[in-house]
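The values are calculated or read from the model by the stated rules, or taken from the named source; none is laboratory data. A quick note: this is a predicted structure, and the numbers were derived from the prediction, not measured. Don't worry about glycine lacking a Cβ; one is built from the backbone with ideal geometry, like all the others, and counts go over all protein chains shown.
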Amino acid sequence: MRSSRTTVGIHDLSFATTEFVLPHTALAGHHGTEIAKYHVGIGQRAMSVPALDEDIVTLAAAAAAPVVARHGAERIRTVLLATESSVDQAKSAAVYVHALLGLPAAARAVELKQACYGATAALQLAVALVHRDPAQRVLVIASDVSKYELDSPGEATQGAAAAAMLIGPDPALVRVEEPSGLHTADVMDFWRPNYRDAALVDGPTSVTAYLRAVEAAWTDYREHGGRKLDEFAALCYHQPFTRMAFKAHRHLLNVLGHDPDPDGIARAVGPTTAYNSVVGNSYTASLYLGLASLLDQADDLTGRPVGFLSYGSGSVAEFFAGTVAPGYRDHLRTAAHREAVARRQPLDYAGYRALHEQTFPVDGGDHPVPPQTTGPFRLAALRGHKRIYEARSEQRSVRTAGQ
Ligand code: HMG
C-alpha cells in the first residue's frame with residue numbers, strides 16, 4: 001500500500017513557545033499537591049504561559065518565520081493554520097500570519113479546527129496538494145493556547161506553543177507515507193463553547209476516549225495495509241500530558257497481545273516527550289513538538305519508520321507513518337528549540353494567576369496592549385474591534401497585520 005509516487009513530507013520543522021513559564025513546583029505549592037503527582041503521575045514539569053501581548057497568531061508567526069527565512073516565500077502557495085484557540089470567528093489566523101511573514105499575495109490562507117487533531121488534517125491536505133503540484137510548498141502551522149479553569153484538574157495540563165512545518169517533495173526530515181488509519185466518534189470528552197475562553201473537560205472520559213481512538217485508528221491503519229507495530233523505531237502520540245503517551249502505547253501493546261515491557265515503552269515513546277514535559281499541552285501543536293523532540297534527541301533515525309497517533313477530542317484520530325530522511329540531522333533546529341524553552345521567564349503562582357484572569361475589553365475602543373513579550377511578533381492593540389499585530393524592529397522586512 002505504500003505509494004511509489006513522489007515522496008512528500010516534512011521538509012522543515014520549527015517551534016516557538018511563550019514568554020513565560022510556570023514550574024509545576026509553584027502549582028504544587030499553591031495546591032498543596034505532592035510534586036510527584038505532576039512530575040511522575042502526569043509527567044509534567046512546567047507549563048508555557050503566554051504574555052498579555054502573545055496569542056496563537058504571534059506564536060504561529062514566531063514558529064514560521066525561521067522556516068520562511070531559510071527556504072524563501074516564493075513557492076508557498078498555501079498556508080494552513082490549525083488551532084482550537086482561535087482569535088476570530090470569521091477571519092482566519094492564517095491571514096494575519098501570511099501578512100506578518102510577508103508571504104506572496106498569490107496564496108490561499110485558511111484556518112482548520114478539530115481540537116488537537118487539526119494540524120494532522122492540515123498536514124494530510126498539504127501532502128495531497130504537493131502531490132498534485134510538486135512545484136508548490138505548503139506552510140502548515142499548528143498553534144494553540146491550552147487554558148482550563150483555575151483550580152480544576154485540567155489546570156496542571158495547560159501549555160502553549162506553535163509548530164510550523166514546510167511540506168514539500170523530497171523532504172529533508174520525514175517522508176509521509178500512505179495509508180492512514182482513521183477514526184471519528186461523537187464524544188463529549190472535551191469542548192469549548194464560543195462564549196468561554198477556558199475549555200470544559202471530563203478528564204476520565206477523555207482518557208478513555210483517547211485510548212479507544214488509538215485502538216480504532218490503529219486497527220483501520222492495519223486493515224489498509226499499514227506497517228506492523230514492531231517496524232517502528234519510535235511512536236509519536238498526542239501528548240496532553242506526557243504520561244498519556246506512555247499509557248497509549250501500553251494500551252496498544254496490550255490490545256495486540258505484545259509484552260508491555262516498561263523499558264520497551266520508554267524506548268519507543270520517551271524521546272518524544274522532552275519538549276512537551278516542559279511546555280505543557282499545546283493541543284494541536286503537541287504531536288509535532290513530540291516529533292521535534294524525537295528528531296532532536298534520539299540516536300540516528302535515518303531510514304527508520306516513525307508512527308504518529310494524532311487525537312483530537314470530540315473526537316477524531318489518525319494513525320500514520322513517516323520515514324526519516326537521509327541527512328535529516330543537517331536540517332534540524334535543535335539549538336533554537338532548546339533556546340525557545342530555556343529563554344522563558346519563570347512566573348510565580350501569583351504572576352501566573354494574574355495572567356490567567358486577565359481579560360481584554362470588548363467595547364471596540366482603542367486599547368494598547370502592554371508590551372511584555374520579547375518575541376519577534378506581538379499583539380500591539382485592540383482598536384475598533386480589530387486585533388493589531390506588529391513585528392519587532394529587527395524584523396523590518398515583515399509587516400504589521402490587522403490594520
Ligand atoms: P486528576 O484528577 O488531577 O489526577 O486528573 P489523577 O488523580 O487521575 O492522577 C493523575 C495520575 O497521577 C494518576 O496516574 C495517579 O495515580 C498519579 P494513573 O493512575 O492515571 O496512571 N498520581 C501520582 N503519581 C505519583 N505520585 C503521586 C501521585 N498522585 C497521583 N503522589 C487528568 C488527571 C489528566 C484527568 C486531568 O489533568 C485532566 O482533566 N486533564 C485535562 C484532560 C486531558 O488532558 N485528557 C487527556 C486525554 S484527551 C486529549 O488528549 C485531548 C486534549 O488534548 C484536548 C484536545 O483534543 O483538544 C485534552
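Restricting attention to region 198-214, the residues that are in contact with a strand residue (DSSP E or B) (Cβ under 9 Å, 6 or more places away or on another chain), more than 9 Å from the ligand (Cβ to nearest atom) and more than 16 Å from Y237 (Cβ to Cβ) total 1. Here A213, A292, A209, A217 are screened, and the one residue that is in contact with a helix residue (DSSP H, G or I) (Cβ under 8 Å, 6 or more places away or on another chain), of a type in the set (A, V, I, L, M) and modelled with pLDDT of 95 or more is A292.
Might you let me know whether region 21-35 holds any residue that is buried (at least 16 other Cβ atoms within 10 Å of the Cβ) and in a loop (DSSP other than H, G, I, E, B)? No, because not a single residue in region 21-35 is buried (at least 16 other Cβ atoms within 10 Å of the Cβ) and in a loop (DSSP other than H, G, I, E, B).
All conditions but one from (1) surrounded by 24 or more Cβ atoms within 10 Å (Cβ to Cβ); (2) at positive phi apply to G72; the one that does not is (1). For region 171-197, the tally of residues that are near the ligand (Cβ under 9 Å from one of its atoms) and buried (at least 20 other Cβ atoms within 10 Å of the Cβ) stands at 2. In region 232-244, the residues that are within 14 Å of V279 (Cβ to Cβ) and in contact (Cβ under 8 Å) with a residue 24 or more places away in the chain form Cβ pairs under 6 Å with partners that are within 11 Å of the ligand (Cβ to nearest atom) and outside any helix (DSSP H, G or I), at six or more places apart or across chains, as follows: H238/C116; H238/S310; H238/Y311; P240/N281; F241/G43; F241/Q44; T242/G43.
Annotation note: of I35, I42, the sole residue that is under 20 Å from A274 (Cα atoms) and free of Cβ contacts under 8 Å to residues at least 12 places away in the same chain is I35. A164 satisfies every condition listed in (1) within 13 Å of the ligand (Cβ to nearest atom); (2) among the aliphatic types (A, V, I, L, M); (3) touching a Pro at 6+ places or on another chain (Cβ under 9 Å) except (1). Selection of first residues in region 131-154 that are within 24 Å of P66 (Cα to Cα) and of second residues that are among the charged types (D, E, K, R) and buried (at least 22 other Cβ atoms within 10 Å of the Cβ), restricted to Cβ pairs under 7 Å at least 6 apart or on distinct chains, gives the following pairs, ordered by first then second residue: D144/E84; V145/D55.
Taken together, V97, V201 contain a single residue that is at pLDDT 95 or above, buried (at least 18 other Cβ atoms within 10 Å of the Cβ) and in contact with an Asp or Glu (Cβ under 9 Å, 6 or more places away or on another chain), which is V201.
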